[in-house]
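Visitor: Okay, here's the structure, questions in a sec.
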Amino acid sequence: DAKTTQPPSMDCAEGRAANLPCNHSTISGNEYVYWYRQIHSQGPQYIIHGLKNNETNEMASLIITEDRKSSTLILPHATLRDTAVYYCIVRVASNAGNMLTFGGGTRLMVKP
Amino acid sequence: DAGVIQSPRHEVTEMGQEVTLRCKPISGHNSLFWYRQTMMRGLELLIYFNNNVPIDDSGMPEDRFSAKMPNASFSTLKIQPSEPRDSAVYFCASSTGHAVGTEAFFGQGTRLTVV
């Protein structure tokens, strides 16, 4: 699976949009971009995934650049409960399924 | 559904003792994963089962670690003998299949401390 690069930490004001970047310059054509988050003392939680097109669900939006070498996770109205470590994972479309390779992630601190 | 259930939530044991961690996946899920999380190494995949069969155990650190899945609703991760460096949070996760597009659901983890 391709390697990802994320900033180690970010701050965001409560109620504002949180934009979390991820670089995956070596991504190949059959690799998807997944985002998970881990709130303190809990297991990781799936957020969203995409291949080429932008995606949106009830939790977040995922914007993938046209060359697919980077992506941005957007939390449109961050709340204090969104404080967590956010992991960007690139995974090949194969039977490997959810054999996830977690990097260091981005520690998002949402402040009042 | 109650989600992935792990037990115990916390375990403190002495070096050299056997430790068994337990996991009940979400009903209907046929893929199960054990992960380990430490400050130094982050989240690491230990082993992956599909339809109760171990598919990839390349992440299991050494022979002291073993995992079983006797049926679709139960899995164990055993460490024998345990060592202080095994101290970590161990997560179990399950998913409906092994294709892309299926999300993994994680349990709350077992915090293991070996003294």
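The values are calculated or read from the model by the stated rules, or taken from the named source; none is laboratory data. Everything quoted here is computed from the prediction, not taken from an experiment. Ideal geometry is used to build each Cβ from the backbone, glycine not excepted, and the neighbour counts take in all protein chains shown. Protein only, heavy atoms only, side chains kept; ligands, DNA and RNA dropped before computing areas. Shrake-Rupley method; radii C 1.70, N 1.55, O 1.52, S 1.80 Å.
Visitor: For segment B:1-67, what are the per-bin percents of Cα-Cα distances with bins 10 Å wide, up to the bin holding the maximum?
Guide: Taking every Cα pair in segment B:1-67, the percentages come to 17, 48, 32, 4.
Visitor: Another one. Within 11 Å, Cβ to Cβ, of residue A:29, how many net charges do the neighbouring residues add up to if Lys/Arg are +1 and Asp/Glu are -1? Numbers along the way, then the final one.
Guide: Details: positive: A:52, A:68; negative: A:31.
Value of the local net charge: +1.
Visitor: Among residues other than residue B:15 whose Cβ falls under 12 Å from its Cβ, what is the net charge (Lys/Arg +1, Asp/Glu -1)?
Guide: Values: positive: B:64, B:85; negative: B:14, B:18, B:83, B:86.
Here the count lands on -2.
Visitor: Please give the per residue accessible area of the protein assembly as shown, computed with a probe of 1.4 Å over protein heavy atoms only, in Å². Show your work: numbers first, answer last.
Guide: Numbers: 11190 Å² over 227 residues.
Accessible area per residue, the protein assembly as shown: 49 Å².
Visitor: When each pair of different Cα atoms in the protein assembly as shown is counted once in the 1/r mean, what is the Kirkwood radius in angstroms, to one decimal? Write down the numbers at each step before the final one.
Guide: On the way: mean 1/r = 0.0551 Å⁻¹.
Final number for the Kirkwood radius of the protein assembly as shown is 18.2 Å.
Visitor: Which whole-percent values make up P(r) of segment A:1-89 when all C-alpha to C-alpha distances are grouped in 5 Å steps starting at zero?
Guide: 3, 14, 27, 26, 18, 9, 3, 0
Visitor: Summing +1 for each Lys or Arg and -1 for each Asp or Glu, what net charge is found among the other residues whose Cβ lies under 14 Å from the Cβ of residue A:52?
Guide: Details: positive: A:68, A:69; negative: A:31, A:55, A:66, A:67.
Value of the local net charge: -2.
Visitor: Now for a different question. What is the mean projected area of the alpha carbon convex hull for chain B, to one decimal in square nanometres?
Guide: Working: hull surface 26.9 nm².
So the Cα hull casts an average projection of 6.7 nm².
Visitor: Another question, then. What is the distance, in nm, between label points placed 7 Å from the Cα along the Cα-to-Cβ direction at residue B:38 and at residue A:81?
Guide: Distance between label points: 3.4 nm.
Visitor: Right, here's the next one. Using Cα-Cα distances under 8 Å and only pairs 6 or more residues apart, what relative contact order does chain B have, in percent?
Guide: Numbers: 292 pairs, mean separation 42.5, N = 115.
Reported relative contact order: 37 percent.
Visitor: Leaving ligands, DNA and RNA out of it, rank B:66, B:94 by accessible area with a 1.4 Å probe, largest first. Numbers along the way, then the final one.
Guide: Working: B:66 50, B:94 0 Å².
Final ranking, largest accessible area leading: B:66, B:94.
Visitor: Sorting check: for A:53-61, B:5-13, which peptide has the highest mean count of neighbouring beta carbons within 10 Å, and how do the rest follow?
Guide: On the way: A:53-61: 13.0, B:5-13: 14.6.
Averaged packing, sorted descending, gives the order B:5-13, A:53-61.
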